[in-house]
Amino acid sequence: MTTRRQFLQLSVTGAVAAAAASIPFTSAAHVASTRVGGTVAPENSRNGRISITQVRNATLIVNYAGVKFLIDPYLAEKGAYPGFPGTYHSELRNPLVPLKTPMQTILDVDAVIVTHTHNGNPQGDHWDEAAAKLVPKHLPLFAQDEADAKRIRAQGFTDVRVLTPTSSFKGVSLSWTPGRHGTEQTRILFEPLGNVCGIVFRHPGEKTLYVVGDSRWNGFVRKSLATYKPDVIVLNAGFALAPPYDGIIMGTEDVAMVAEAAPEATLVASHLEAVNHCSVTRADLREYSTLLGFDKRLLIPDDGETISL
């Protein structure tokens, strides 16, 4: 995996440019994008009913087939928590940036999906103590497994459901998919990360949306791509570092592997520049995707921006 420093070094020597020539991408599948008034929208795409608001970190508002989902709410004020101990830039306080989306908008949803709780860590960056206090307790909430569901029920939530490969809500199919938080070595040696999942959204006549979650590129992701053939893929791409282990979420090279494996899909990058241990920036990812030739179908929204698909 290429760190930011290594990436910049490779860019200077031209090695990345050479590598780009060896990785095929289907140019016909590239989707150009426009940015107007805080909204990113692919050109030439049909006027569908899918929109994705990048709130902050991995927190998203997904409007799919007329149903609004809040994914992985991380709602603390800027600097509320200490940096994750022993990780990259642990001296920085989390979250690194404030929320730009109004709280009323964030909470105006039909259901909540929590891909993981970091084994119940109240300062976790996908479900934190602020989210547990602010999210209305009556909202339907989907957890990745019974352990997380139990933790969230204990926080007072009254309608907590466990995701399965055949879950659904208001006519939208919500398929649980497996992932791995980091490499296999990281998974064994850094158990506090806990289990993770992704979700595939499906509805008749709609594009298939795959939110991968906190997973590196691996056999789980490869199989989900082959099984569901998603049209839109959301990737947590900040390459969070927990030394001495390798990255625990996707980075530039992982995103490139997904782009190669799903050459017709539009990619959306999330989980960037909001917590201390993320080492890949939006600028890094834009430069890398341009060098490898898949930048026209990679959308990298800023916090508070909405992608319409």
## Note on the structure
I113 passes all but one of the listed conditions (1) more than 18 Å from the chain's Cα centre (by Cα); (2) outside any loop (DSSP other than H, G, I, E, B); (3) β-branched (V, I, T); (4) surrounded by 21 or more Cβ atoms within 10 Å (Cβ to Cβ); the exception is number (1)
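How about segment 256-302: which of its residues are among the hydrophobic types (A, V, I, L, M, F, W, C), in a helix (DSSP H, G or I) and touching a Ser or Thr at 6+ places or on another chain (Cβ under 8 Å)? Steps first, answer last, please.
Narrowing segment 256-302 to residues among the hydrophobic types (A, V, I, L, M, F, W, C): 256-259, 261-262, 265, 267-269, 272, 274-275, 278, 280, 283, 285, 291-292, 294, 298-300.
Among the residues that remain, those that are also in a helix (DSSP H, G or I) are: 256-259, 261, 283, 285, 291-292.
Result: A256, A259, L285, L291.
Could you check segment 69-108 and list, in sequence order, the residues that are among the aliphatic types (A, V, I, L, M) and exposed (fewer than 13 other Cβ atoms within 10 Å of the Cβ)?
Filtering segment 69-108 down to residues among the aliphatic types (A, V, I, L, M) leaves 70-71, 75-76, 80, 92, 96-97, 99, 103, 106-107.
Hit for segment 69-108 is M103, nothing else.
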### Message
Given the criteria closer than 18 Å to V268 by Cβ and either modelled with pLDDT of 50 or more or charged (D, E, K, R) (or both), does E77 qualify?
### Response
no
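Per-residue answers, yes or no, for (1) closer than 18 Å to A130 by Cβ; (2) of a type in the set (A, V, I, L, M); (3) in contact with a Phe, Trp or Tyr (Cβ under 6 Å, 6 or more places away or on another chain):
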residue: S51; (1), (2), (3): no, no, no
residue: F84; (1), (2), (3): yes, no, no
residue: Y88; (1), (2), (3): no, no, no
residue: V97; (1), (2), (3): yes, yes, no
### Message
Contact list please: Cβ distance under 9 Å, first residue in segment 85-108 and farther than 17 Å from P301 by Cβ and in a loop (DSSP other than H, G, I, E, B), second residue among the aromatic types (F, W, Y) and modelled with pLDDT under 95, pairs at least six apart or on different chains.
### Response
S90/F84
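The values are calculated or read from the model by the stated rules, or taken from the named source; none is laboratory data. As the structure is a computational prediction, the values presented were derived from the model and not from experiment. Here the Cβ is made from the backbone with ideal geometry for all residues, glycine too, and neighbour counts use every protein chain on show.
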